[in-house]
Amino acid sequence: MELKIAGIRRQCSYSPNHIENDTLLLLKTAEELTSMGVDVTIYNEEDVPNTKFQEIIIFSMAQGVKANEKLDTMIGEGKMIINLPRSVLNCHRANMVKILLEKGIPFPQSYIVDVLGSDNIHFDQFGSSKMWIKRGDVHAEHREDVTLCFSEEEKKSILKEFGRRGINKAVLQEHVEGDVVKFYSINHYQLFHWYYLNGMNHTKFDQVQLKRLADLSADALGLEIYGGDAVISTDGEITLIDVNDWPSFAPIRDEASKHIAKLIYHKAVDYVGKNSN
């Protein structure tokens, strides 16, 4: 079966400090698909709104609203897209917070606020001066987009800076103490890799439970290829603090690209087979 598949490279502004890693994963996945006999064409996220795709199967690292809204309309035209555009938009932070809290996933207390009304916000939700302030849409474009704040002056300054940059929503989030672990996964699949991001205590925890919570979160958001971060408290309790669509898989790029390519290939063959008549 001859397959033609499109891959969409993430816009550079959505890959702060990871431009090369994100691109390398995309290209390595395309290389693996090519070795399976697939004809792969790579497009840039910025070009998606004005591109008419001939390919039926698309794997996409795009994160922006414009590209994903266009990709979402293409599903109605018979395209299969991994990850689903709606799942990517679900990962925009304000959406993710609502979804994960509604699903009962262990997640920090979080409040979504309007940046334009930040002068009237009181920062006493968590009984501590320490809190995270995070932009409410894409995960980050600048270092300040995810900031641990202490003083009220600092908090208001961050929100005003968001407003100047056209960011309308922000998330105020409780700070959870413990070791931070980063994980990479394919939903309900054998690939799952984690490591300590700041292993101060190296507290023992249930790794099977971490994978279970990660997959539950991916289910809630609609993701197939995903990653995230969790905090392990001193008593081993796991709290997810972030889930994101299609991370760089940088520590295991070669292994991950093989698994991702196989997933795309098998789903593509199945999809084309079912829709060939």
Listed by range, strands (runs of 3 or more DSSP E) wholly within the range 148-256 having at least 3 residues that are touching a Cys at 6+ places or on another chain (Cβ under 9 Å) and modelled with pLDDT under 90 are none
Determine the pairs where a residue that is in the same structural domain as Arg10 (by TED's automatic domain parsing), located within the range 56-74, has a partner that is among the acidic types (Asp, Glu) and surrounded by fewer than 24 Cβ atoms within 10 Å (Cβ to Cβ) with Cβ atoms under 6 Å apart, the partner being 6 or more residues away or on another chain.
-> Ala62/Glu45; Ala67/Glu45
Please find, within the range 172-207, the residue that is surrounded by the most Cβ atoms within 10 Å (Cβ to Cβ) out of those that are among the charged types (D, E, K, R) and over 30 Å from Ser157 (Cα atoms).
-> Asp206
For the range 106-130, enumerate the residues that are buried (at least 17 other Cβ atoms within 10 Å of the Cβ) and closer than 28 Å to Ser87 by Cβ.
-> Pro106, Phe107, Pro108, Ser110, Val113, Val115
Would you check if there is a residue in the range 51-65 being at pLDDT below 95 and part of a helix (DSSP H, G or I)?
-> yes
Return only the number of the condition from (1) within 23 Å of the chain's Cα centre (by Cα); (2) of a type in the set (S, T, N, Q); (3) under 17 Å from Gly78 (Cβ atoms) that Gln54 does not satisfy.
-> (1)
Yes or no: Asp215 within 25 Å of Gly7 (Cα to Cα), out of contact with any strand residue (DSSP E or B) (no Cβ under 9 Å at 6 or more places or on another chain) and among the acidic types (Asp, Glu)?
-> no
Say whether the condition of being of a type in the set (S, T, N, Q), in a loop (DSSP other than H, G, I, E, B) and more than 30 Å from Gly236 (Cα to Cα) is met by at least one residue in the range 120-136.
-> no
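Go through the range 137-147 and give me each residue that's assigned to a strand (DSSP E or B) and touching a helix residue (DSSP H, G or I) at 6+ places or on another chain (Cβ under 6 Å).
Answer for the range 137-147, where residues must be assigned to a strand (DSSP E or B) and touching a helix residue (DSSP H, G or I) at 6+ places or on another chain (Cβ under 6 Å): just Thr147.
The values are calculated or read from the model by the stated rules, or taken from the named source; none is laboratory data. It should be emphasised that the depicted structure is a prediction, and the values quoted were computed from it without experimental measurement. Don't worry about glycine lacking a Cβ; one is built from the backbone with ideal geometry, like all the others, and counts go over all protein chains shown.
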